[in-house]
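Inspection log for the structure reproduced underneath, given as structure tokens.
The values are calculated or read from the model by the stated rules, or taken from the named source; none is laboratory data. A quick note: this is a predicted structure, and the numbers were derived from the prediction, not measured. Here the Cβ positions follow ideal geometry from the backbone for every residue, glycine too, while neighbour counts run over all protein chains shown.
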Amino acid sequence: MRASGFDDMSARLKVKEMGTFKLMGVPEGTIVNILETIIREQSRGVLLVDIIKGIENTRRRTGGMPTEFNAILRKAIGSNPSDAVYEYCAYRMVVEHYGVMDVNQVVDAVNKASPIIATW
């Protein structure tokens, strides 16, 4: 929202006006939903690759890119699976909110949201 020109106070007011259902549809809501699912399922012992497959099965009605998705799955079972989390969030931004957030903004949002979501 800041990238769209809202300052901190306007962003807070805009968020309060939107309500939960509308917030889930904004790019930040997509990231929070993905991260919350990943963190919750990993705490239950589910493998990251299986979590990402499950999320994609739920979200694929909004579109997808099989080649890019398969590359993310390979990273999820690779030597640094945390990269797959960033890439999956960036991938869903392209699919669901094309042009709204660049990769650096996605990485920043993931880094800010992850520690907070982990405390829920």
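With respect to VAL32, determine if the residue is at pLDDT 90 or above and touching a Gly at 6+ places or on another chain (Cβ under 7 Å). For VAL32, the condition - at pLDDT 90 or above and touching a Gly at 6+ places or on another chain (Cβ under 7 Å) - is not met.
Let's see how each residue does on (1) touching a strand residue (DSSP E or B) at 6+ places or on another chain (Cβ under 7 Å); (2) modelled with pLDDT under 75; (3) small (Gly, Ala, Ser):
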site	(1), (2), (3)
GLY19	no, yes, yes
ARG60	no, no, no
GLY64	no, no, yes
GLU68	no, no, no
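Screening the candidates ILE72, ILE77, ILE55 for the property of being at pLDDT 95 or above and either of a type in the set (D, E, K, R) or within 12 Å of the chain's Cα centre (by Cα) (or both) yields one hit, ILE55. Have a look at SER82, SER43 and point out the one that is within 15 Å of the chain's Cα centre (by Cα), surrounded by fewer than 14 Cβ atoms within 10 Å (Cβ to Cβ) and small (Gly, Ala, Ser). Within the list SER82, SER43, the selection yields SER82. Look at (1) touching a residue at least 24 places away in the same chain (Cβ under 8 Å); (2) closer than 15 Å to ILE51 by Cβ and you find that GLU87 fails only one, number (1). Cβ-Cβ contacts under 6 Å between residues 6 or more apart (or on different chains), taken from a first residue in region 67-81 that is more than 12 Å from LYS53 (Cα to Cα) to a second residue that is among the charged types (D, E, K, R), are listed as LYS75/ASP83.
In this structure, VAL106 does not qualify as farther than 19 Å from THR37 by Cβ, touching a residue at least 24 places away in the same chain (Cβ under 8 Å) and of a type in the set (Val, Ile, Thr). Of the residues in region 82-96, at least one is at pLDDT below 95, on the phi < 0 side of the Ramachandran plot and in contact with a Ser or Thr (Cβ under 6 Å, 6 or more places away or on another chain).
Residues that are surrounded by fewer than 13 Cβ atoms within 10 Å (Cβ to Cβ) and either polar (S, T, N, Q) or without any contact (Cβ under 8 Å) to a residue 40 or more places away in the chain (or both) occur in region 90-100; there is at least one.
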